[in-house]
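Asks: First, the structure itself, so that you have it in front of you.
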Amino acid sequence: MIDLLKKYSILLIIGIVLSRILAGLILIIFPNILASEFADGGTSTLSAGYLSDGLEHLFNILVIIILAKDMKKEKINSPLILIMTFFFAFIGVIFFLLTVASNKVIKPQIELNE
């Protein structure tokens, strides 16, 4: 359990930091990537947060793949956790860790009582 906690905490921190750094680098290399010009001469610019969030969602897909492998190892079948992970990786990982903890703590107690 501690190994999973370390693994996913490092993975989440790296994902957040990398998405911010990559967004900054992309904006340095391509400064006009989030700007569009209208026919009448006006411009519209999106904030850098859109780019960062998009990169974070790509990272969430990587977390989903790793989570799915660990869910098979732990014999957990919950597509809802994977769906939550796509939108908010932290929430999905928390629910996964709670499910693993629940399976490791509660199920042995149930077997002892029977």
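The values are calculated or read from the model by the stated rules, or taken from the named source; none is laboratory data. Nothing here was measured: the structure is a model prediction, and the numbers come from that model. Counting neighbours? That spans all protein chains shown, and the Cβs are built from the backbone with ideal geometry, glycine included. Note: areas computed on protein heavy atoms with side chains; ligands, DNA, RNA excluded. Shrake-Rupley method; radii C 1.70, N 1.55, O 1.52, S 1.80 Å.
Asks: If you check ALA39, ALA101, which single one turns out to be open to solvent by 70 Å² or more (accessible area, probe 1.4 Å) and among the small types (Gly, Ala, Ser)?
Replies: ALA39 is the lone residue from the list that is open to solvent by 70 Å² or more (accessible area, probe 1.4 Å) and among the small types (Gly, Ala, Ser).
Asks: Could you please find all residues in segment 1-22 being among the β-branched types (Val, Ile, Thr) and either at pLDDT 90 or above or touching a helix residue (DSSP H, G or I) at 6+ places or on another chain (Cβ under 8 Å) (or both)?
Replies: Our first condition is that a residue be among the β-branched types (Val, Ile, Thr); within segment 1-22, this holds for 2, 10, 13-14, 16-17, 21.
Residues satisfying the conditions are ILE10, ILE13, ILE14, ILE16, VAL17, ILE21.
Asks: Of the numbered conditions (1) within 15 Å of the chain's Cα centre (by Cα); (2) surrounded by 15 or more Cβ atoms within 10 Å (Cβ to Cβ); (3) among the hydroxyl-bearing types (Ser, Thr, Tyr), SER9 fails exactly one; give the number of that condition.
Replies: Looking at each condition in turn, SER9 falls short on (2).
Asks: If a residue counts only when it is more than 16 Å from the chain's Cα centre (by Cα) and closer than 23 Å to ILE2 by Cα, which helices (runs of 4 or more DSSP H) contained entirely in segment 21-114 have at least 1 such residues?
Replies: In segment 21-114, 48-73, 89-113 are the helices (runs of 4 or more DSSP H) which contain 1 or more residues that are more than 16 Å from the chain's Cα centre (by Cα) and closer than 23 Å to ILE2 by Cα.
Asks: When segment 1-51 is examined, which residues are found to be among the acidic types (Asp, Glu) and closer than 27 Å to VAL93 by Cβ?
Replies: Correct list: ASP3 only.
Asks: Specify which of the listed residues (ILE91, ILE64, ILE26) is at pLDDT 90 or above, touching a helix residue (DSSP H, G or I) at 6+ places or on another chain (Cβ under 7 Å) and crowded, with 16+ Cβ neighbours inside 10 Å.
Replies: From the options ILE91, ILE64, ILE26, the qualifying one is ILE64.
Asks: Another one. When segment 64-98 is examined, which residues are found to be β-branched (Val, Ile, Thr) and in contact with a Gly (Cβ under 7 Å, 6 or more places away or on another chain)?
Replies: ILE81, THR85
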